[in-house]
1. For each cysteine in the chain, check whether another cysteine's C-beta sits under 4.7 Å from its C-beta; list those where none does.
2. Please arrange 247, 451 by counting, for each residue, the other beta carbons lying within 10 Å of its beta carbon, fewest first.
3. Can you list the residues, at least 5 places off or on another chain, whose amide H is less than 5 Å from the amide H of residue 413, using H built in the peptide plane?
4. Under the definition of Cα pairs under 8 Å and six or more residues apart, what whole-number percent is the relative contact order of the chain?
5. For the range 107-123, just list the computed ³J(HN,Hα) in residue order, Karplus coefficients 6.51, -1.76 and 1.60, θ = phi - 60°, integers in Hz, with x standing in for Gly and Pro.
6. Given only helices, namely DSSP H runs of n ≥ 4 each adding -39500 (n - 2.57), what is the per-residue ellipticity at 222 nm of the chain, to the nearest 500 deg cm²/dmol?
7. Output the antiparallel fraction of DSSP beta bridges having both residues in the chain, as a percent to the nearest 5.
8. Starting from the amide H of residue 429, placed 1.01 Å from N in the peptide plane, find each other amide H under 5 Å away whose residue is 5 or more places distant or on another chain.
Amino acid sequence: MVSRRGFMAGLAGAAMLPRVLGGSRAWAAAPSAPLVLNAAETTLTLPGCQRPTTLWTYGDAWPAEIRLKRGEMAHLLLRNQLKDHTAIHWHGLRVPHAMDGVPYVTQDPVKHGEEFMYSFAPPDPGTFFFHPHCNTVEALGRGLAGALIVEDPREDGLFDLDRTLVVKDWRVAGDGSYLSFMTDRGAARAGTFGTRRSVNGATAPVITAPPGARVRLRLLNVDTSRIMTLGAAGAPVSIVATDGNACPPFTLDGWRLGPAMRADLALVMPVRPGSRVEIRDTWGQEPFPLAVLVAEGSPRTADRRALALPKAELPRPDLKTAEFFTLSLQAGVSDPALDSWLKENRFGDDALCRAERLFWAINNKAWPAMDMDKRPPPLAELTPGRSYVAEIANHTQHPHPIHLHGHTFQVLSSSRGPVRAHWADTVLVAPDERVRIAFVAGQPGDWMLHCHIIEHQETGMMGYIRVG
Ligand code: C2O
Ligand code: CU
């Protein structure tokens with residue numbers, strides 16, 4: 001793994017050559033220039049709509065995709081051309097605290113017309129994403145999220161084809177206009193669902209690949225409410241990385257992908273030309289296609305290498321010495337003082353990270369407004385470098401994808417039965433379930449911990465752990 005010292009030395013280095021792909025358009029940054037991410041509007045006609053919708057994106061197309069190199073210093077310049085203030089959180093990346101992109105906690109909000117430079121060397125390879133962290137229901141509702149791929153030379157040549165699939169629903173009417181992003185009904189239950197589903201902003205892509213080709217699909221669930229159950233037909237498909245982190249391959253059938261979770265899929269194309277492989281979400285009554293692969297072209301010669309990624313190199317928690325703490329996810333916790341404060345406060349134009357309702361809590365505390373005056377104490381106070389086991393106990397009627405910033409944790413066990421041990425930054429906890437995760441406390445700072453059903457996050461299911 002990259003030691004802390006190596007990481008800091010990396011920060012002092014300068015070389016970088018990131019690439020940005022915005023949909024089909026691609027541009028490259030000059031070696032020493034920062035990669036510019038324009039937070040701006042763009043238009044796209046979404047599936048089932050007669051007219052285009054105005055989306056928020058990074059760059060000029062949707063979805064944006066950035067590729068960085070593991071361990072190489074990257075400079076990413078956020079330029080805010082939106083009317084709202086914003087910031088960028090690098091979801092799943094173990095970046096220095098000052099680069100974590102949480103307005104009021106790690107940086108000031110970046111106002112309209114302003115810029116902010118993010119500089120870090122991504123320590124781990126994998127499939128990540130980036131998004132703002134304030135007024136997130138609306139910002140993500142309008143599409144403000146991009147895919148972030150961290151490449152590792154150890155993976156060169158492992159796959160013939162590497163495709164990114166960004167899954168997101170949109171709350172739009174047939175004429176392309178938005179419906180309300182948030183509803184009390186949704187916020188207090190499983191979230192407010194979109195009306196149009198999409199993969200990369202369209203219907204499931206049809207991807208052609210040579211018979212026998214080794215294919216990698218990077219699947220990102222950037223929706224704010226939807227949970228998917230993965231399935232495949234036409235060929236065995238395995239998961240080779242969870243939330244970007246390599247794992248021993250296992251079949252994707254039945255794997256659940258909640259909001260903000262990612263899965264890297266791997267398969268070998270069937271040898272018979274014209275054969276089809278379909279990747280789908282089988283959660284609903286009707287399976288929803290996520291991608292269709294068609295075998296076409298001259299066949300690849302058989303490759304005997306295992307269809308797997310090089311082992312993840314992450315700080316491994318020591319379970320024998322780990323300290324234990326609990327995180328109770330709760331519904332309907334009432335805090336009359338906070339409630340009336342939320343109702344009575346007249347927020348100014350700049351107060352984007354404010355909520356008006358309180359439906360959820362963690363350990364009896366809620367932080368619905370991101371207001372520093374109303375900030376609860378940390379959910380836990382940890383020592384850098386020490387190992388911890390946290391039990392996340394869901395005392396509510398709904399599943400919650402719980403995300404911890406700045407750390408990659410091991411999912412150890414569940415009260416519901418055996419789990420596949422894997423690395424993650426977001427873990428889905430079912431009603432009445434207790435899930436144990438383990439990690440090594442990382443860099444000093446306050447790291448957000450919240451549900452990634454964004455309406456839950458903004459109505460109380462958010463807190464932070466303090467390392468330092
Ligand atoms: Cu993906 Cu706190 O977020
Ligand atoms: Cu939740």
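1. 49, 247, 451
2. 247, 451
3. It is 436, by chain and number.
4. Normalised by residue count, the contact order of the chain is 13 percent.
5. 6, 7, x, 8, 6, 3, x, 9, 10, 8, 9, 9, 10, 6, 10, x, x
6. The helix-only estimate for the chain comes to -1500 deg cm²/dmol at 222 nm.
7. On the way: 94 of 127 bridges.
So the antiparallel bridges amount to about 75 percent of the total.
8. Hits under the 5 Å cutoff: 400, 402.
Since every read-out is calculated from the coordinates, none of them should be taken as a lab result. Quantities reported herein were computed from a predicted structural model and do not represent experimental measurements. Neighbour counts run over all protein chains shown; Cβ positions are idealised from the backbone, glycine included.
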